[in-house]
Amino acid sequence: MPSEKRLRIKTLVMVFAMIVCANAGDLLLKYGMVQVGTVELTAHGLSQAFWQTVTSPVIWLAIFFLSGFMVSYMTVLSWADYSYVMPAGAFGYAALTFLAVVFLHEPVSPRRWVGVVLICVGVLLVGQTRPRTTEVPSEAAA
């Protein structure tokens, strides 16, 4: 398999891992914070919210997934252009909007759906380009 095709496949796999981990982490974080409730900006309110947050298994699961996002994000950035990874990863915003409707029962206006479609079109356009356009400095030069 040519190296360009291999690079594209492994980049798309890692971008997919980024999207899955980020979306799962964000949804769980939102769900956990709904369980915590509205945080009052007082000393007592902040300390109470802090305690509920650090003892919430849902919040810790969210942190686990968000850590997975960070690891996959750092990994893919080590071999692909930032200008490719970030727009390709933006597909997660579209997926997250859909998941927020399904799991969090959030209403989404038609105008917002149009924005989601535009994001998807942008992701498709970026996906047609090469993941890396810059040369990676050799380790011997470092």
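The values are calculated or read from the model by the stated rules, or taken from the named source; none is laboratory data. What you are looking at is a predicted structure, and each value in this text was computed from that prediction instead of being measured. As a convention, Cβ positions derive from the backbone with ideal geometry for all residues, glycine included, and neighbour counts pool all protein chains shown.
Against the definition (surrounded by 15 or more Cβ atoms within 10 Å (Cβ to Cβ) and of a type in the set (G, A, S)), how does A43 come out, yes or no? So A43 does not fit the description; no.
One line per residue, one yes/no per condition, for (1) in contact with a helix residue (DSSP H, G or I) (Cβ under 9 Å, 6 or more places away or on another chain); (2) among the hydroxyl-bearing types (S, T, Y); (3) over 22 Å from L27 (Cα atoms):
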| position | (1), (2), (3) |
| --- | --- |
| W60 | yes, no, no |
| M74 | no, no, no |
| A88 | yes, no, no |
| L99 | yes, no, no |
| V108 | yes, no, no |
| L118 | no, no, yes |
| P131 | yes, no, yes |
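One residue is enough: does region 94-113 have a residue meeting the conditions farther than 20 Å from A22 by Cβ, surrounded by 10 or more Cβ atoms within 10 Å (Cβ to Cβ), free of Cβ contacts under 8 Å to residues at least 40 places away in the same chain and among the hydrophobic types (A, V, I, L, M, F, W, C)? Within region 94-113, one or more residues are farther than 20 Å from A22 by Cβ, surrounded by 10 or more Cβ atoms within 10 Å (Cβ to Cβ), free of Cβ contacts under 8 Å to residues at least 40 places away in the same chain and among the hydrophobic types (A, V, I, L, M, F, W, C).
Every test in (1) of a type in the set (F, W, Y); (2) farther than 20 Å from V123 by Cβ; (3) exposed (fewer than 15 other Cβ atoms within 10 Å of the Cβ) is passed by W79 save one, and that test is (2). Listed by first and then second residue, the pairs with beta-carbon distance under 9 Å, at least 6 apart or on different chains, first residue in region 1-12 and farther than 18 Å from T75 by Cβ and modelled with pLDDT under 85, second part of a helix (DSSP H, G or I) and among the aliphatic types (A, V, I, L, M), are M1/I9.
Considering each of F69, F64, F50 in turn, give the residue that is aromatic (F, W, Y), within 16 Å of the chain's Cα centre (by Cα) and surrounded by fewer than 15 Cβ atoms within 10 Å (Cβ to Cβ). The unique qualifying residue is F64. One residue alone among V85, V58, V121, V126 is farther than 30 Å from P2 by Cβ and among the hydrophobic types (A, V, I, L, M, F, W, C), and that residue is V58. So is L29 modelled with pLDDT of 95 or more and in a helix (DSSP H, G or I) or not? Judged against the criteria, L29 is a match. Only helices (runs of 4 or more DSSP H) whose full extent lies in region 42-142 are considered here, and the ones with at least 3 residues that are modelled with pLDDT under 90 and hydroxyl-bearing (S, T, Y) are 82-89. As a summary of the residue check, T38 satisfies the conditions (1) outside any helix (DSSP H, G or I); (2) in contact with a helix residue (DSSP H, G or I) (Cβ under 6 Å, 6 or more places away or on another chain) except for the one numbered (2).
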